[in-house]
Every structure is written in C-alpha cells, then in structure tokens.
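The structure under discussion appears below in the form of structure tokens.
The values are calculated or read from the model by the stated rules, or taken from the named source; none is laboratory data. All values reported here derive from a predicted model rather than from experimental measurement. Quick reminder, even Gly has a Cβ in these numbers, built from the backbone with ideal geometry, and neighbours come from all protein chains shown.
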Amino acid sequence: MKILSVIGARPQFVKAAVVSAKIARTPGLEDVLVHTGQHFDANMSQLFFEEMGLRKPDYYLGVHSLPHEAMVQQMQEQMVEIVEKERPDWVLVYGDTDSTLAGARAAHACGVKLCHVEAGLRSFNTQMQEEFNRIQTDRISDLLCVPTEVAVENLRREGVDLCKVVLTGDVMKDAAYVFAPLARKPQTDIPDKFVLCTLHRAENTDNPDVLKELMLSLELIAEFVPVVLPLHPRTKNKLNEIAYPFDTSRLMFIDPVGYLEMLYLLNHCALVLTDSGGVQKEAYFAHKYCLTLRKETEWVELCARGYNHLLGHNHVDIVTTTRNFLEMPPVFSDDLYGDGHAARKIVQALLQL
C-alpha cells in the first residue's frame, strides 16, 4: 500500500518524523513524502529534517511567500500531477496549514482516499485561515484521525459520519517521548530563569497595532524576567516594517530554533507565552504553564484544566498574568493526549480501511 504524505510547516515536520518512521517500519507500506516548501527558511525546514532523521522528500514544490489562495492553488496544481503520477492508495495530510488544504484538495480531485491527522479541532473563529483550512479538509476526508475526545464531539455536532473517525491521541506526544532524550541547548547564552515566547500568527503580526501591543507586553515583562524570543521570519519582517527598535530592546531575540533546541527551551523555561497551537501542547508535555496570546484556542481541554490561559492582546492583562504565574509551582496531574502511540494507531487505521 502506498501513502503520499504532505508536509510544509514546522509542526508537520515533527508529526511526520514519527508517523513516516512508523510507516517505514511496517511491512507492505510505502511512504512518498511531498514537501510543499511553505516553510523555506533553513532553520525552520532543513534543520528539522536533519535533527529528527526525517528522510529527504521525494518531491519538493518550493511554493512559499504567496497570498493564501495563490499558495493553495499553486500547491494543489503541482500535487495533482504528483498524485496522478504516483497513484497512492492514501494521501495523508497534517493539521491546518495551506499545505494541508492543498494536499486535501489534490487528493479529492484525483479520487484518492484522504486521511487527515489532527482532525476535528475547532477554534470557532471563522476569521482564522487555519479554521477554514481544517474544516474544509475534514469535510472531504475519508479517515479522520483525532487527538482528543473534544475533537470527536466537534465532528459529531457537525454531522460527520463517526465511522470515519478514529481517536488516536496526539502524534506530538509521540514526538515528545521519542525526542526528549535528544534535546539540546541552543548555541547562545540562555539565562537560568526565563520566559519563552513564540509569536508568528497572521492575526498578531499583520496588524501593526496588535503587534505593537504584544511587543510592549514583552518589553514590560522583560523588566522583571528575561524573555527569550526565537524570531520567526514572518515576525521579523513585520517588526522591520514598523521600525521596531531592536537595538534598545530588552528582549533576547535568537534565531529560529530546531525541534531539539525547542525541547530544551521548553524544559528549562519558567513559563511559555505563545500564539502557536503546537507550542501550547508542547508546553503541557514539558509541564509548563502556557499563556496564549490569542482570544481562542483549539486546545480547549488545556484551558479547562488550568494549564493554558487565553490572554488576548491587552498588555496590562498579559503582564499581570505573567507575573502571577511566575510565582505558581507547576502542578500537572493528568494525561490528556493519549498514550504516546498515536502513530501506530494511525497506521493501523490506514491498513484497516
């Protein structure tokens, strides 16, 4: 059986590292790996491949830095050609990026069965492109591999045939288990106590007023605790557009880090501030409280249990909550995302269908 796996962004590299490895170890399965090029920065793409042992993609599309519709269309057109050439039994897509939607549409156009890993997540913010991508992908998928019971319930409410739904747990938990022993310190001086921040989502970076408010928050936090910020290329470009005063900033900006370095930062930080969906879960796996710089999240169970708090964009709320959480000892007593064997369950589901 041939599976064509589509990846293009950092979280998808991490997920594919464990799922593609499981496919490779399963007799009778072949994995064709397609990298769309959505994340093209060497520190955000090639580095991840090298440090996680993810093999060289069979196809590299090189599509990036385009508006949403143009990006999806160009990826889809190229992937249709690949699907028609390879004729896989399954196309497998991850998450909610433009690469996800393009791969899903290509499979649908070619009449090839589609598997969506990390299906059923909803932020209920229809203004988010990621929400559109995940809903559209779920609607045309033949197999929906969901990470949580909440995701199952979301699909049930939408009238999805639950015969297509498999509760697998979260492949990011698989990755956290597999790669935790390999975590390594970034090649820069990191303070003993620090807050780790990641910032990249379009709704935060593309609105200058929101971006300025968030950066004000971080500068104020840095007055009482160091803030380490691996600088995403999108965020760096947007900060340059508003002439951000890097030279006088209190923040500790570092280059984008690979997954193993990110694991180190998560394991050694005092607190996480982020707008990333993946980092919210990674913080939980590292037993660190997470303050999310958004007004909604797909990972509602983290908020319900008190591990994650939605802060929005107001600098007073962000600074006050950060100060309060720095004084709280981490208490993590449950297990929300499966048993660390999601990749095995995904492969089993592909074989059974």
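What the table shows:
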| quantity | calculated |
| --- | --- |
| Region 164-211, residues that are of a type in the set (Lys, Arg) and out of contact with any Lys or Arg (no Cβ under 9 Å at 6 or more places or on another chain) | 164, 184, 185, 193 |
| Some residue of region 115-138 being of a type in the set (A, V, I, L, M, F, W, C) and in contact with a His (Cβ under 7 Å, 6 or more places away or on another chain) | no |
| Residue in region 74-95 that is modelled with pLDDT of 95 or more, within 29 Å of residue 299 (Cβ to Cβ) and among the hydroxyl-bearing types (Ser, Thr, Tyr) present | yes |
| Any hit, region 22-44, residues being part of a helix (DSSP H, G or I) and within 28 Å of residue 255 (Cβ to Cβ) | no |
| Residue check for residue 239: closer than 21 Å to residue 282 by Cβ and of a type in the set (A, V, I, L, M, F, W, C) | no |
| Whichever residue in region 114-155 is in a loop (DSSP other than H, G, I, E, B) and among the hydrophobic types (A, V, I, L, M, F, W, C) and, among such residues, is farthest from residue 202 (Cα to Cα) | 119 |
| Residue in region 243-253 that is buried (at least 21 other Cβ atoms within 10 Å of the Cβ) and touching an Asp or Glu at 6+ places or on another chain (Cβ under 8 Å) present | no |
| Scope region 224-259; condition over 23 Å from the mean Cα position of the chain (by Cα), assigned to a helix (DSSP H, G or I) and without any contact (Cβ under 8 Å) to a residue 12 or more places away in the chain; matching residues | 240, 246, 247, 248 |
| Output for region 267-285, where each listed residue is assigned to a loop (DSSP other than H, G, I, E, B) and modelled with pLDDT under 95 | 276 |
| The lone exception for residue 69 - which of (1) closer than 18 Å to residue 117 by Cβ; (2) at pLDDT below 95; (3) of a type in the set (D, E, K, R) it fails | (1) |
| Members of region 286-316 that are more than 20 Å from residue 221 (Cβ to Cβ) and either in the same structural domain as residue 124 (by TED's automatic domain parsing) or in a loop (DSSP other than H, G, I, E, B) (or both) | 287, 296, 297, 298, 299, 305, 306 |
| Whichever residue in region 118-139 is in contact with a helix residue (DSSP H, G or I) (Cβ under 6 Å, 6 or more places away or on another chain) and aliphatic (A, V, I, L, M) and, among such residues, is surrounded by the most Cβ atoms within 10 Å (Cβ to Cβ) | 119 |
| Some residue of region 233-249 being among the aliphatic types (A, V, I, L, M), assigned by TED's automatic domain parsing to the domain that holds residue 310 and out of contact with any helix residue (DSSP H, G or I) (no Cβ under 8 Å at 6 or more places or on another chain) | yes |
| Unique residue being crowded, with 22+ Cβ neighbours inside 10 Å, among the aliphatic types (A, V, I, L, M) and not assigned by TED's automatic domain parsing to the domain that holds residue 235 when the list is 165, 195, 160, 146 | 146 |
